[in-house]
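Reading through the structure tokens given below for one structure.
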Amino acid sequence: MDIPGVQSSWLKPAASSKVLLAVFAHPDDETFGPGGTLARYAADGVDVHYACATRGEVGTVDAALMQGHATVGDLRWAELEAAVRLLGLTGVHWLGYRDSGMPGSEDNRHADALVQADHPVLVGRVVAVIRALRPQVIVTFDPCGGYGHPDHVSIHYATKRAFALAGDASQYPEQVAQGLEPFAPQKLYYTAFPKGFLKVAVTVLRLLGRDPAKFGRNQDINLAEIATWEQQVTTRIDMSRYLDLKQKAGECHKSQSGPSGMFGWMPSPIRRRVLGAETFTRAEPPITGHAKLETDLFA
């Protein structure tokens, strides 16, 4: 299936009436974020797709990992395809943009950078993916982009807008003329990190002698600050059976996580206790009152 403005890799035939679409910015966002949830629904027979805005061209990569790859983007896309095959995804779709890097960097000014994208065009590409795949459920970043990365914030707002427009035939009529019928998804979720977990993570990192303000491969994630941000958790997905699979998928992203994997810094007993579920904020339809936590994205 060709999607206008989008480059797709189909990993297996679509086989379900249930479809889940994750929309994020970089290779590894799908795994380091809701990877366990994506794996759980894929194992349950849902067609799970990942729309990735960029190829992750920016960032520090060990020279040894570049063997066989012409560019950092090629390396990271190969890592992505390996990871999503492990997670069981049906397809991965590149929206055609370039990694923007962190705020203030030279990469922000690249003509193809996601942060330089014409917003209606970016939204239109997400709309095209929604109309082509027809997902009932969409997952993306929260308004802060997880930890403030400009690409994360950009794709959040584009996905939120696309969710609202995809079912309206008057929006992007050229897509309708190309055979992409309007389709309105039912539910929109943002990834959420419970503050209790983040506070534990900050404490553990300090006990291990690591600075929680300089977390991640490029030391550009300030966990201490993020732990103070407020975010409502409405939905908790038990993915404990898929935690090991998520870790294996994370290890495919060697250029970003390092040889110890993305959970290597955390002692195993704590990892098992606090990472057996992934949490989300249901944005559409909004939660009202004091409803108990959801346990199924498709409920």
Counted residues in the range 238-256 being surrounded by 18 or more Cβ atoms within 10 Å (Cβ to Cβ) and out of contact with any Leu (no Cβ under 7 Å at 6 or more places or on another chain) come to 8
Just to verify a result, which residue in the range 26-39, among those that are within 19 Å of residue 137 (Cβ to Cβ) and either in contact with a Gly (Cβ under 9 Å, 6 or more places away or on another chain) or outside the structural domain of residue 154 (by TED's automatic domain parsing) (or both), is surrounded by the most Cβ atoms within 10 Å (Cβ to Cβ)? 31
I'm trying to understand the selection: among the residues of the range 129-164, which are within 14 Å of residue 283 (Cα to Cα) and β-branched (Val, Ile, Thr)? 137, 138, 139, 140, 159
For the range 198-215, which positions are in a loop (DSSP other than H, G, I, E, B), in contact with a helix residue (DSSP H, G or I) (Cβ under 8 Å, 6 or more places away or on another chain) and either at pLDDT 75 or above or surrounded by fewer than 16 Cβ atoms within 10 Å (Cβ to Cβ) (or both)? 211, 213
Filter pass, residue 47 being of a type outside the set (Val, Ile, Thr) and farther than 24 Å from residue 125 by Cα: no
Out of contact with any Asp or Glu (no Cβ under 8 Å at 6 or more places or on another chain), assigned to a helix (DSSP H, G or I) and over 18 Å from residue 156 (Cα atoms), is that true of residue 85? yes
Restricting attention to the range 23-33, report how many residues are in contact with a Ser or Thr (Cβ under 6 Å, 6 or more places away or on another chain), modelled with pLDDT of 95 or more and over 16 Å from residue 72 (Cβ atoms). 1
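The values are calculated or read from the model by the stated rules, or taken from the named source; none is laboratory data. Computed from a predicted structure; not experimentally measured. All Cβ positions, even for glycine, are placed from backbone atoms using ideal geometry, and neighbour counts span all protein chains on display.
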